[in-house]
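Structure first, commentary second.
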Amino acid sequence: GAVVSQHPSRVICKSGTSVKIECRSLDFQATTMFWYRQFPKQSLMLMATSNEGSKATYEQGVEKDKFLINHASLTLSTLTVTSAHPEDSSFYICSASLGQVSYNSPLHFGNGTRLTVT
Amino acid sequence: AQSVAQPEDQVNVAEGNPLTVKCTYSVSGNPYLFWYVQYPNRGLQFLLKYITGDNLVKGSYGFEAEFNKSQTSFHLKKPSALVSDSALYFCAVRAGGYNKLIFGAGTRLAVHP
């Protein structure tokens with residue numbers, strides 16, 4: 001089945017540094033990938049939609065300069081948390097749709113990245 | 001506005017008993033509904049979806065869900081719960097443009113031996 005790989009699974013960084021998270025579709029091409037953020041014991045919040053070869057579409061309230069998204073190829077999207085602060089600590093999850101995104105296509109999720117900023 | 005509600009934070013059930021995890025939705029137009037499961041420190045796994053057709057949808061790991069248009073509900077069910085079913089379950093609706101998946105708050109299912 002479709003597999004989405006996310007790396008790293010866990011990262012600890014110092015405040016003020018930047019962290020890059022990779023999301024790869026392993027056995028399919030993902031024109032569109034999605035980045036979610038999940039707070040403890042809360043639901044997933046869509047941060048942005050990552051489109052291959054074009055700029056990401058950010059949800060309202062998400063700082064595009066802080067959360068840089070690059071979708072350089074059909075199998076790779078990256079999320080860079082710039083100048084991280086403790087409040088950026090969270091669980092970040094990427095997802096992709098097999099083939100063209102449509103109403104009836106489920107999303108396939110990576111295993112998530114737990115970011116801790118000290 | 002499109003929304004999904006999961007009224008229960010946690011559901012407790014004994015192993016072998018039937019389980020139900022509730023979900024109600026509010027959408028304009030036809031609903032496209034999904035259930036996902038999340039194990040600790042993992043991403044979400046797709047369980048099943050309702051797009052059109054039969055109201056009873058069968059999915060992975062013996063789970064099924066019943067779409068009820070009049071009650072705007074899409075409850076997840078399983079006839080006989082397993083301890084390994086213990087996880088966090090999310091109901092979701094696709095809305096507001098096909099690329100937005102709106103999740104409910106999640107329901108933690110605890111199956112006791």
Count the DSSP beta bridges whose two residues both fall in the protein assembly as shown, then state the antiparallel fraction as a percent rounded to the nearest 5. 90 percent
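Based on the Cα coordinates of segment B:1-56, what is the per residue volume of their convex hull in Å³? Intermediate values should be presented prior to the final figure.
Details: hull volume 7.1 nm³, N = 56.
Dividing the Cα hull volume of segment B:1-56 by its residues yields 127 Å³.
In segment B:13-113, which trypsin sites (Lys or Arg not before Pro) are in a loop and have at most 12 other Cβ atoms within 10 Å, using DSSP for the loop call?
Taking segment B:13-113 and a limit of 12 other Cβ atoms within 10 Å, the loop trypsin sites (Lys or Arg not before Pro) found are B:Lys69.
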Karplus-derived HN-Hα couplings along segment A:28-41 (A = 6.51, B = -1.76, C = 1.60, θ = phi - 60°), whole Hz, x at Gly and Pro: 7, 9, 10, 5, 10, 10, 10, 10, 10, 10, 10, 8, x, 6
Taking 2.2 N^0.38 Å as the expected size of a compact globular protein, what ratio does the Cα radius of gyration of chain A give against it, to two decimals? 1.00
In chain A the cysteines whose Cβ sits 4.7 Å or more from every other Cys Cβ are A:Cys13
Would you pull out the residues with amide H under 5 Å of B:Phe67's amide H, same chain only if 5 or more places away, H placed 1.01 Å from N? B:Leu56, B:Val57
Taking N as the number of residues in the protein assembly as shown, what value does Rg over Cα atoms divided by 2.2 N^0.38 Å take? 1.02
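So if I place +1 on the C-beta of Lys and Arg and -1 on the C-beta of Asp and Glu, and nothing else carries charge, what would the dipole magnitude of chain B be about its Cα centre? I want it in debye, nearest 20.
With only Lys, Arg, Asp and Glu charged at Cβ, the dipole is about 300 debye.
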Taking the Cβ of B:Pro79 as the center, what net charge do the other residues with Cβ under 15 Å away carry, scoring Lys and Arg +1 and Asp and Glu -1? -1
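Taking only pairs that are 8 or more places apart or on different chains, how many Lys pairs in chain A have Cα atoms under 20 angstrom apart?
6
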Averaged over A:34-44, how many beta carbons belonging to a partner chain fall within 10 Å of each residue's beta carbon? 4
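No value in this document is a laboratory result; all are computed from the given coordinates. All values derive from a computational prediction rather than experimental measurement. Reconstructed Cβ throughout: ideal geometry from the backbone, glycine too, with neighbour counts over all protein chains shown.
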